[in-house]
Amino acid sequence: MAVFGVILAYFIIISIEIYPIVKKKKRKNKALYLIAMGASLIINLLLVLGISIPNPVKPIEKLITMIFGK
Amino acid sequence: MNKEIISDKQGICLVTMFILGSTLLLGTGGGIAKKDAWMAVIVGILYAAPVLYIYSRLMSKFHGHDLFDILQLIFGKFFGKVISILYIWFAFHLGSLVERNFSDFTETAVYPDTPVQFPLLFFVLLFIWGVKLGIENLGRWSEIYILVVTFLLVAVTIFLSLPQLDFNNIRPIFYNGIKPILHSGFLAFSFPFGETVIFLMVFSSLKTKKSSYKVFFMGLIFGGIFILIVSLRNLLIIGAESMSRDYFPSYVAVSAIKIGDFIQRLELAVSTVLLLNVFIKVSICLLAVCKGLQKVFDLDDYRFLVTPMALLMTSFSMIVYPNIMESVRWAFKIWPFYAFFFQAILPLIIFIFGEIKFRKVI
């Protein structure tokens, strides 16, 4: 149910926002928009399904503790 | 492309509200300086002054350009874009951390039974709208709402809490020596004051060459004074012990205010101020991300990227920490060192290269 809700919400947002982007006839804009939207849709779906996502901040933390200790 | 211009006053209001941001809630210094925490704020301002001089010098030397243009001018197209991507990541990360602070606050203090996504949803809609309208509108907005923030802060913090103040909470001063104060000052530098590096990415629209100095320094002074007032108030009301123990010292301190039977439960003032400031902070971060992507991908507009980036930022804020303990630990243990690279080291390198390469200009 929640998965369906997320997909529906994204569908509505994209259908509202895509029209002015398509009208400008720039493929780069359209591709960037769809890639970014797709990425956030995937992350949100994983969050809804309860699948743990690797935290991108962990490597930074490791690097900092490696340099400064503790 | 239409050029947006913001006045000096609007710039000062933006910087002040940005500095206040989530600091009002979390406090500065992480409880290291104990009773001298208020002095750590002053030390933090002193640390921040030379760094902010570098920022304003960069902004005035390359007037009308933002950081991404400057990077491409100085380091060439390829390396400029690489460093730009680093800065985009920094703005993105900062924005999601602030959002996370906000959602932690709503979850633990204000609406414990409401799913955290719900308040966040309305919030995200608001700043998508704000950023799509551009920096000019955000500037005008902050010019009005800074009055609300100032009124609530000054009225609630100073006048209403007078009966609760206990000056034994800050005495004796310098009890633990100077070292914890300097360390805590460093934390205060990296948590609110140094984060103004984000403004390098959005302030391509200042009026004159001189205005960057005025905007950055007046913003630093006003924001610093407010933070000083707030940390003094917290110290005087709840004391150093519980200040380092609570996640949200301001919230606890203000809830102690009670005058007669009818002026009490003033935490709402803290929530309101937090909401207004966090709105500006996240919007500026989001604007920086979108403008950076515009410059890196050579696009003609940034507005169509706002919604996907805002949604990404929000989902990132959900996964960035497993719980609130982790978020507080990160804010005071890891963040200062990680952010120092973006706040001081990289700007210094850019500054030196810029001064050498563009010696003739100015």
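Taking 1 over the mean of 1/r across every pair of different Cα atoms in the range B:167-296, what Kirkwood radius in Å do you get?
After inverting the pairwise mean of 1/r, the radius is 17.6 Å.
At a threshold of 8 angstrom on Cα-Cα distance, excluding pairs fewer than six apart, so keeping six or more, what relative contact order does chain B reach in percent?
After rounding, I find 39 percent.
Compute log10 of I(q)/I(0) for chain A with the Debye formula, placing one identical point scatterer on every Cα and leaving out solvent, at q = 0.11, 0.17 Å⁻¹, to two decimals.
-0.46, -0.75
How would you rank B:Val254, B:Val282, B:Val156, going from fewest to most other Cβ atoms within 10 Å of each one's own Cβ?
The most exposed by this proxy come first: B:Val156, B:Val254, B:Val282.
B:Phe122 to B:Lys258: extension gain in nm, 0.36 nm per residue of separation minus the Cα-Cα distance?
That pair, B:Phe122 and B:Lys258, stretches by 45.8 nm at full extension.
At a 10 Å Cβ-Cβ cut-off, how would you order B:Phe102, A:Phe4, B:Phe123, B:Phe216, fewest neighbours first?
A:Phe4, B:Phe123, B:Phe102, B:Phe216
Relative to the longest principal axis of chain B, what angle (0 to 90°, nearest 10) does the C-alpha long axis of helix B:37-61 take?
10 degrees
Beyond 20 Å between alpha-carbons counts as too far, so tell me which of A:Lys30/B:Lys295; A:Lys25/B:Lys3; A:Lys25/B:Lys77; A:Lys23/B:Lys132; B:Lys81/B:Lys295; B:Lys207/B:Lys357 fall in that bin.
As for pairs spanning more than 20 Å Cα to Cα, those are A:Lys25/B:Lys3; A:Lys25/B:Lys77; B:Lys207/B:Lys357.
Kirkwood hydrodynamic radius, computed over distinct alpha-carbon pairs, for the protein assembly as shown: how many Å, to one decimal?
Its Kirkwood hydrodynamic radius stands at 22.4 Å.
Under 12 Å from the Cα of B:Lys209, which aspartates and glutamates turn up, not counting those fewer than eight places away in the same chain?
The reachable aspartates and glutamates, counting only those whose Cα sits under 12 Å from B:Lys209, are B:Asp8.
I'd like the projected area of the range B:130-240, averaged over all directions, using the convex hull of its alpha carbons. Report it in nm² with one decimal.
For the range B:130-240, the mean projected area of the Cα convex hull comes to 9.0 nm².
Return the whole-Å distance between the Cα centroid of the range B:69-87 and the Cα centroid of the range B:131-205.
31 Å
No solvent, one uniform scatterer per C-alpha: report log10 I(q)/I(0) for chain B via the Debye equation at q = 0.07, 0.12, 0.14 1/Å, two decimals.
At q = 0.07, 0.12, 0.14 Å⁻¹ the computed log10 ratios are -0.29, -0.86, -1.16.
What is the helix-to-structure angle for A:58-68, meaning the angle in degrees between its Cα long axis and the longest Cα principal axis of chain A, kept from 0 to 90 and rounded to the nearest 10?
30 degrees
Please determine, in degrees from 0 to 90 and to the nearest 10, the orientation of helix B:179-188 with respect to the longest principal axis defined by the Cα atoms of chain B, where the helix direction is its Cα long axis.
Relative to chain B, helix B:179-188 is tipped by roughly 60 degrees.
Just from its helices, what would the mean residue ellipticity at 222 nm be for chain B, if runs of 4 or more DSSP H residues each count -39500 (n - 2.57) and the sum is divided by every residue, rounded to the nearest 500 deg cm²/dmol?
-22000 deg cm²/dmol
For the range B:228-234, just list the computed ³J(HN,Hα) in residue order, Karplus coefficients 6.51, -1.76 and 1.60, θ = phi - 60°, integers in Hz, with x standing in for Gly and Pro.
4, 4, 5, 6, 4, 4, 4
Values in this text are rule-based calculations from the coordinates and carry no lab data. Not measured: the values here are computed from a predicted model. Virtual Cβ from ideal backbone geometry, glycine too; neighbours counted across all protein chains shown.
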